[in-house]
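Below is one structure, written out as C-alpha cells, with a few remarks after it.
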Amino acid sequence: MKAFDKYVSKFDLNDEHIKAKYNHSYRVSSLCEKYAKELGLSEEDIKLAKVIGLLHDIGRFEQYKQFKSFSDKDTIDHADLSASLLFDQGLIKNFNINPKDYETVKFAIINHNKLTIPDTDERKLKFAKLIRDTDKIDIIYMLGYLKELSVKTTDEPVSEEILQSIKNHEIANRHLCKNSCDRIAVMFAFAFDINYDVCLKELKRNYKYFYKRLKNKKFIDIYLEVLKYINERTDKDA
C-alpha cells in the first residue's frame, strides 16, 4: 500500500480524475480480497489477488498525465501500459510480491480489459478472471452509485451490433461503439463476461443505481435482459 501511495503521490491527487482512479484502485483491491475469500483461495493467493487489484490500473495515472484522457482507443491501452511500468521499468520490485508470481500478475493485469482472455494455465486464469469481475463491479458502482463518470446519452439508437450481443448474452465489443448510447449498452453487457457467480449479486445491485441514474427508457429492455440473465445464473427471483 505504501509503495502504491508513494508512486501515485507523483501525480496531482487534487485532480478529480486522478483521485477517482486512486479510489477505484483501492476499492477493486478490497473487492479482490473479498471474493478471493469467498472463492476459498489460500491466504497467500488472497494477498496476491489484493495486490493485483491495487495495481491493475497503475498505468492510468501516467496515461492521464500524458494525454489528459482515459480513452484507450484515442491514447494507449492502459493495461499494457500498467504492465510495462511494472515489469519493463521495474516498478514491480517496489511491491511485496514473490518473483515466482510475476508472470501471473503480469498476465492478469494485461488481460483485465481485453475482450477475451487467452488460454493459459489454470492459476493465471483464476486471477485474470477475478480482476476482470471485480473491475467491472466497481466501474458500474462508479457510474451508478458514486456518479463519478459521465452517463450522458443522445437521441441516437443503440447500434444493432451491440444490441445483438446483448440478446445473445455476449460481452459487447467496445470497439464497435458509434455513440454514447452504445458505450452505455456495452457496460450493461459486462454481466455476460462475469466469470464467478458470487460476483453477480453485487453487480446486480450496482446496475440498479446505474439504470436509475440514466433516466432514459431506451435502456429498459437492455436492463431487464441483463437482470433476467443474472437471476437465471444465480437462481434468484428479480
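FYI, it's all coordinate maths here, none of it is from the lab. These figures come from a predicted structure and were not determined experimentally. Every residue, glycine as well, gets a Cβ built from its backbone with ideal geometry; the counts of neighbours run over all protein chains shown.
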Virtual spin-label span in nm between K2 and D155, 7 Å along Cα→Cβ: 5.9
Dipole of segment 152-238, positive end: most advanced residue of A189, T234, F210 [Cβ charges, Cα centre]: F210
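Would you calculate a helix-derived [θ] at 222 nm for the chain, using -39,500 (n - 2.57) for each DSSP H run of n ≥ 4 and dividing by the full residue count, to the nearest 500?
On the way: 11 runs with 134 residues, N = 238.
It comes out at -17500 deg cm²/dmol, rounded to the nearest 500.
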Given charges at Cβ of Lys, Arg, Asp, Glu: segment 1-67 dipole, positive-most of A36, I46, F61: F61
Dipole of the chain, positive direction: furthest Cα of L163, L86, H17, with charges on the beta-carbon: H17
Loop sites in segment 184-237: trypsin sites (Lys or Arg not before Pro), DSSP, at most 11 other Cβ within 10 Å: K215, K236
Assigned charges on the beta-carbon of Lys, Arg, Asp, Glu; the chain dipole about Cα centre (debye): 740
Long-range Cα-Cα pairs in the chain (distance over 32 Å), rounded percent: 18
Residues C32, C177 arranged by fewest to most Cβ contacts within 10 Å: C177, C32
